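Trainee: The structure is given below, and queries will be raised subsequently.
Please treat every number below as a calculation from the coordinates, not as lab data. No experiment lies behind these values; they were computed from the predicted model shown. A quick note on method: Cβ atoms are made from the backbone with ideal geometry, for glycine too, and the neighbour counts reach across all protein chains shown.
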Amino acid sequence: MASRPEGEVGVAVRPHIFPGRHVLADPVCRRALAASVCWLATYAVLTAIGQGSPAMMLFVGDILYLVPIIASVVAASVAAHRLTGRHRRLWLTLAVAYTAQLGGESVWTGYDYLTTDGPPQPSIADAGYLLASVVTVVAVLTGFGGVGGLRRLRGLLDTALILLSLGGLGWQMLLRPQLSDNPALPDLVNVAYPLLDITLLCCLSIVGMAGHRSIPLAVRLVGVAAALNAVSDMAYTYQSIFTGYESGSWLDVMFEAGAVIAFLSAVVAVRLPQPPAQRRSFDRGLTLLPILTSTTATFTLVIFKKVTSETVDNLTLVIVAVLFLAVLLRQYLFVTDRAALAEQLRQALHEQERLAVTDGLTGLYNRRYLTQQMAQHEADTKPVSLLVVDLDHFKRINDTFGHLAGDAVLQQSATRIASICRSTDVVARYGGEEFVVLLPDTDEQQAWRLAERILIGIRESPAVDAAAEIPVTASVGVATHRDGDMRLLMETADRALYQAKTEGRDRIAVLSSARV
């Protein structure tokens, strides 16, 4: 079996097939999906039955509620054990997050069953919940790895912009009017939940989905579970502040759905591994979202404060100033990222242009480039010379020393020819063991002298391959024209090369056209 790159354990899913078909085709995934749907439906029915019965609501909301969370911890731990690379780091981080959530929920259940007033505000359970939220954000960033430093920084700054904008609006317009002048620790904990939820949603959309393609199904399910949990958490915060929350309410069904999807994502990750998410060359960036959000928040905050108190307090001014500076920094990072991308594209285009005119083995120009350069000299009135250099008995070298040795002879001979020629000359591999040198503004005597230096350079410097010296000689045909007829120049140089071959090889032959 062929080895797989790190992080690509198992059979890769073909991209043109909908991944859901593989989930239904795998027996373990199919059973996990069926069990998850049945459990969620049963939980919803029991929630409906338990409304109005405190004992039933407590049992459903505290005891049964823990089942998919426990399953998620186990499944994520198995995934972290079996997978490798980035996938392993992702599921190890998620296992920690799910364990912290389970710890918080267990403490909450203990308070509900062992005390008459339920959990205090805040409680140890909140430490588990907040830790789970923070670690989930880290897991999302881990799952969408491979992002360049600038792009990741810009994504995090976008997240901070939206977080500060919505957080500032929510604080000034909704939360602050409901709180005392000196907010207590419970107030700060209640505010921390929606801020972490917004951070998670922004990381999912900006750093994750917008900057990647070919996202594995398991990672997408993790994103769905995290988003559903974040929305549920914000609804829980609203209820806690304004209406009150009870275990076993319909809101728990949303939390339960998030836990079920988290469990399914771990099962899919183990059973149907896929390559990690791939970074987009041109990320979607969601450029307008953070800018529009921060701009809208700025104007709304200022107008709200002017209408309600006829003045703008220092906190609002600080929020507006930070938003303004963050937008400027964000645009600077965006421009810098695009400039870096443009430079990469320029270099890639330059490399493609170079490869299009370069012989892959020797590094000399190829026949196409030589033909283009010869066409540019058709209108020259000055003499143009051409050398056709052919290595002698090259087939014998291949048969005796092998084709790899033959390649080494071609490479080293090409290097010697190029080192002898002038910077204005065009040295190209014409095909096989044949090289052509175009000599602009060069008469017959100058061409002869250059051909002689090439001949001596090849003869006196045997090629070396695997510590073996391979003697090499060459034959050179020389031709010079003044009328710009490049076709005739090539034909004449070819005839000269043939003459050098028939006269015994390892020599130079010169033929002149009647039109010289």
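Trainee: Can you check what the net charge comes to around Val478, using other residues whose Cβ is under 12 Å from the Cβ of Val478 (Lys, Arg +1; Asp, Glu -1)?
Mentor: Result for the local shell: -1.
Trainee: Next question. Fewest Cβ neighbours within 10 Å first, please rank Leu325, Leu439, Leu66 accordingly.
Mentor: Leu325, Leu66, Leu439
Trainee: Give me the number: length gained by fully extending Val78 to Ala375, i.e. 0.36 nm times residue separation minus the C-alpha to C-alpha distance, one decimal in nm.
Mentor: Additional length available on full extension: 100.2 nm.
Trainee: Something else: What's the magnitude of the charge dipole for the stretch 367-512 around its Cα centre, counting Lys and Arg as +1 and Asp and Glu as -1 at the beta-carbon? Answer in Debye, nearest 20.
Mentor: Roughly 80 debye, rounded to the nearest 20.
Trainee: Kindly put Ile49, Ile454 in sequence by how many other C-beta atoms sit within 10 Å of each C-beta, fewest to most.
Mentor: Values: Ile49 12, Ile454 24.
By the 10 Å Cβ count, ascending: Ile49, Ile454.
Trainee: Hey, with R₀ at 56 Å, roughly what FRET efficiency would Val231 and Ala466 work out to, going by the Cβ-Cβ distance, to 0.05?
Mentor: Taking R0 as 56 Å, the efficiency between Val231 and Ala466 is 0.25.
Trainee: Let me ask something else. Determine one quarter of the surface area of the Cα convex hull of the stretch 367-512, which equals its mean projected area, and express it in nm² to one decimal.
Mentor: Answer in nm², one decimal: 8.1.
Trainee: Which residue, Ala479, Ala468, Met490, has the largest displacement toward the positive end of the dipole of the stretch 389-516 when charges sit on each Cβ (Lys, Arg +1; Asp, Glu -1)?
Mentor: Looking along the dipole axis, the top candidate is Ala479.
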